[in-house]
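Written out below as structure tokens is the structure these notes cover.
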Amino acid sequence: MKTRAGSFPGFLCTVGLLVPRVASHSHISAAIGQCSLNLPAALQSQAQLGCPHLVDEKTTDRPVEWSPWTHPPECVHSIKSPGASYCVYSNSQHGNGGVSIITRPETAASTLEILNDSGYTHLKHFVNNSAGPAYKVADIPGKGKGVVATRHIKRAEAIMADWAALVVDMDLPTSLLRTEGYKLFHRAVDQLADPDRVLQLARSSAFSGDIVEDILRTNSFSYTLADYSHMTLYPDVSRVNHACRPNSFIRFTPSSLAVSVVALRDIEPGEEITITYVPLGKAKEERKTALKKWGFECTCSLCTASKTEIAVSDYRREKIKELRKEVMNAVGLWDGTRAVKLTHEVLELMKAEDLAPLYSSQYEIMARLYWKAGDKTTATKYAQMSLDTLVDQGYLEDTPDALPILLQTFD
């Protein structure tokens, strides 16, 4: 939907409450007619043309034709959705043991750039780390396997690096017969450099009829690839157990399949490293409902706290949800003063609940609101605070051009 400058959806984007989706370079090139799609596949250069190169079992006789995949794709045509097909695309050399992606040919073609970004920039702090490994996998009473700190870990330190091993289109289960889907699952795992990294993970799903399906349902995260939702499995991260008030968080990289686990606070040797399996900021009953898919009831320090402490936490979290809705209402009414006041309140409540990964977005909303109101000095202060938070959490490099670049998006 196109909107005029100054219209309500446009203004929400301005204050950071709506984030527009940007198509991949290949989608853009195809849309404006720059792709020489009639060229033989072997002559099409992804890097030079930025054009989708559709690869399926009919177009791959030689390795050069299925590059950068290390195996020829295997595809299944959907009976339930005529015209649709799903293929296994594997690169056994990518990341930490290879990756297999089960998706539509057009999705794979338009997202090849994720294989070009190994995540090195994002994960380079792991190279030549003189402090040594920060964790080990160990037995955790009542939880099975878990991850435990082997030394002191500083706040904001990256603890673990991992890459996706399996990426599966969410629509596949409803598009293919179960037996066909399982066939693709098995091929995807077998084509990894080390299938055991996947096959030895925990299984707890009562709704699965296959080992790989069970592992995916138990351990995967949601990931968007070319605007389609996918299940994504990170084998090492899957070893990290849940806590509703975790001491670490997962840092994703939009341009690659790399992730890392980062400390939210100082962690002592012998302490279990935890992340949250549900979105931050949920109240207890919401968390309990969301965790049912993993088949366990949380016994973390927040869930087993006193009734009063739980009630206080739930009150703050519900208040955050209510205030964020009020911020949107204030923006819709062009009441900038109220929107700023409410955003300040949201930020203070987030700090009281230790929701550190959410701070940066709140600082940026504050900056955009002040900028829109004409107070560029205060806007610049909050914009810098947003960037400082992202640098502290390892999302950005501390560079002098970061602030001017961010401020340019405010106009």
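The values are calculated or read from the model by the stated rules, or taken from the named source; none is laboratory data. This structure is a prediction, so every number in the text was calculated from the model and none was measured. Cβ placement follows ideal geometry from the backbone for every residue including glycine, while neighbour counts extend to all protein chains displayed.
Observations
- All positions within the stretch 294-332 that are hydrophobic (A, V, I, L, M, F, W, C) and under 26 Å from the mean Cα position of the chain (by Cα): Trp294, Phe296, Cys298, Cys300, Leu302, Cys303, Ile320, Leu323, Val327, Met328
Quick grid of which residues meet (1) more than 23 Å from Asp266 (Cα to Cα); (2) β-branched (Val, Ile, Thr):
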| position | (1), (2) |
| --- | --- |
| Lys145 | no, no |
| Ala149 | no, no |
| His152 | no, no |
| Ala156 | no, no |
| Pro173 | yes, no |
| Val189 | yes, yes |
| Pro195 | yes, no |
| Val198 | yes, yes |
| Arg203 | yes, no |
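- The residue pairs whose first member lies in the stretch 296-316 and is over 23 Å from Thr218 (Cα atoms) and modelled with pLDDT of 95 or more, whose second member is of a type in the set (D, E, K, R) and outside any loop (DSSP other than H, G, I, E, B), and whose beta carbons are closer than 6 Å, counting only pairs six or more residues apart or on different chains, are Ile310/Lys284; Asp314/Lys284.
- Being of a type in the set (A, V, I, L, M), surrounded by fewer than 18 Cβ atoms within 10 Å (Cβ to Cβ) and within 16 Å of the chain's Cα centre (by Cα) is a property that Met160 lacks.
- Scoring Ala339 on the criteria (1) touching a residue at least 40 places away in the same chain (Cβ under 8 Å); (2) assigned to a helix (DSSP H, G or I); (3) within 30 Å of Thr399 (Cα to Cα) leaves a single failure, condition (3).
- Flag for Glu271 being of a type outside the set (S, T, N, Q), in the same structural domain as Thr111 (by TED's automatic domain parsing) and at pLDDT 95 or above: yes
- Scope the stretch 170-188; condition under 17 Å from Leu225 (Cβ atoms) and modelled with pLDDT under 95; matching residues: Met170, Asp171, Leu172, Pro173, Ser175
- Screening Asp354, Asp335 for residues that are within 23 Å of the chain's Cα centre (by Cα), within 21 Å of Lys325 (Cα to Cα) and modelled with pLDDT under 90 leaves exactly one candidate, Asp354.
- Extreme residue, farthest from Leu358 (Cα to Cα), among residues of the stretch 383-393 that are of a type outside the set (D, E, K, R) and either within 19 Å of the chain's Cα centre (by Cα) or surrounded by fewer than 20 Cβ atoms within 10 Å (Cβ to Cβ) (or both): Gln384
- Of the residues screened, Pro269 is not one that is closer than 26 Å to Ala161 by Cβ and under 21 Å from the mean Cα position of the chain (by Cα).
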